[in-house]
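Okay, so here's the structure we're looking at.
The values are calculated or read from the model by the stated rules, or taken from the named source; none is laboratory data. Here the structure is a predicted model, which is why all the values come from computation and not from measurement. Note: ideal-geometry Cβ built from the backbone for every residue, glycine included; neighbour counts use all protein chains shown. Keep in mind that these areas ignore ligands, DNA and RNA; they rest on the heavy atoms of the full protein, side chains included. Shrake-Rupley method; radii C 1.70, N 1.55, O 1.52, S 1.80 Å.
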Amino acid sequence: MLWGQAVLAACPALLNHTVPGLMGGQINLCQYADRPLLVVNTASHCGFTPQFTQLESLYKQYGPRGLMVVGFPSNDFLQELDSNSEIGAFCQANYGVTFPMAGKGHVRGADAQPVFKDLIAATDDAPMWNFHKYLVLPGASKVISIGTRTKPDAPEVVNAFLPYLQPETQAATKP
């Protein structure tokens, strides 16, 4: 089913999570149930931190057609700043991040945030490092685990979500 063609009757259990936003507020993952969602565990001081550039580019290019990107900062690998405000300032100043970012939390182990526990259960693949990605297809019909070394804009990632986006012409004319 293409994004926007049908309203899902209920939120899939995998996305039935509300998390604190990095700079306040809440992020309700149910609101993204009808579109492809790229979930990424991030860190400010990692060799893979430049992936923020590709994540932001994907969000700007494909967001109007339905792709959602949500970052989840974590210090599980000892490379994240101390506070949410420091993380937010870093992401904005260095990478111009505009996609939603959750508050800092755990992405693996017993203390993992519930959404990450569900993603790990769905894929049998826990993040082994920062910038591990999970592509959740509409309706949580399928979850694809994408390793750290695979760039967010790699053809295999883009080709996995493209079929679920609105056509360019439809997205361009939407108010």
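May I ask you to say which residue of 117, 151 is within 20 Å of residue 12 (Cα to Cα) and modelled with pLDDT of 95 or more?
117
Quick one: count up the residues across the range 93-119 that are among the aliphatic types (A, V, I, L, M) and under 14 Å from the mean Cα position of the chain (by Cα).
6
Using the structure shown, decide if residue 97 is modelled with pLDDT of 95 or more and open to solvent by less than 10 Å² (accessible area, probe 1.4 Å).
no
Scan 11, 30 and give me the residue that is farther than 16 Å from residue 133 by Cα, at pLDDT below 95 and not aliphatic (A, V, I, L, M).
That would be 11, the only listed residue that is farther than 16 Å from residue 133 by Cα, at pLDDT below 95 and not aliphatic (A, V, I, L, M).
Has the range 79-88 got at least one residue that is in a loop (DSSP other than H, G, I, E, B) and in contact with a Gly (Cβ under 7 Å, 6 or more places away or on another chain)?
No.
Can you tell me which residue is nearest to residue 59 (Cα to Cα) among those in the range 70-104 that are aromatic (Phe, Trp, Tyr) and touching a helix residue (DSSP H, G or I) at 6+ places or on another chain (Cβ under 9 Å)?
Filtering the range 70-104 for residues that are aromatic (Phe, Trp, Tyr) and touching a helix residue (DSSP H, G or I) at 6+ places or on another chain (Cβ under 9 Å), the one nearest to residue 59 (Cα to Cα) comes out as 99.
Yes or no: the range 54-75 includes at least one residue that is touching a strand residue (DSSP E or B) at 6+ places or on another chain (Cβ under 7 Å) and open to solvent by 40 Å² or more (accessible area, probe 1.4 Å).
Yes: one or more hits.
Please determine whether any residue of the range 120-135 is at positive phi, open to solvent by 20 Å² or more (accessible area, probe 1.4 Å) and hydrophobic (A, V, I, L, M, F, W, C).
Within the range 120-135 (the criterion being at positive phi, open to solvent by 20 Å² or more (accessible area, probe 1.4 Å) and hydrophobic (A, V, I, L, M, F, W, C)), the answer is no, since none of the residues qualifies.
Just need a number here: residues in the range 10-29 that are on the phi < 0 side of the Ramachandran plot and either out of contact with any Leu (no Cβ under 8 Å at 6 or more places or on another chain) or assigned to a loop (DSSP other than H, G, I, E, B) (or both).
13
Please pick out the residue among 136, 157 that is farther than 23 Å from residue 75 by Cβ and in contact with a Ser or Thr (Cβ under 7 Å, 6 or more places away or on another chain).
157
Only one residue in 52, 77, 90, 48 is within 12 Å of the chain's Cα centre (by Cα) and not basic (Lys, Arg), so which one is that?
After ruling out the rest, the residue left standing is 52.
Which residues, counting only those in the range 63-106, are among the small types (Gly, Ala, Ser) and without any contact (Cβ under 8 Å) to a residue 24 or more places away in the chain?
The answer is 83, 89, 93.
Only one of 139, 105 is small (Gly, Ala, Ser) and in a loop (DSSP other than H, G, I, E, B). Can you tell me which?
105
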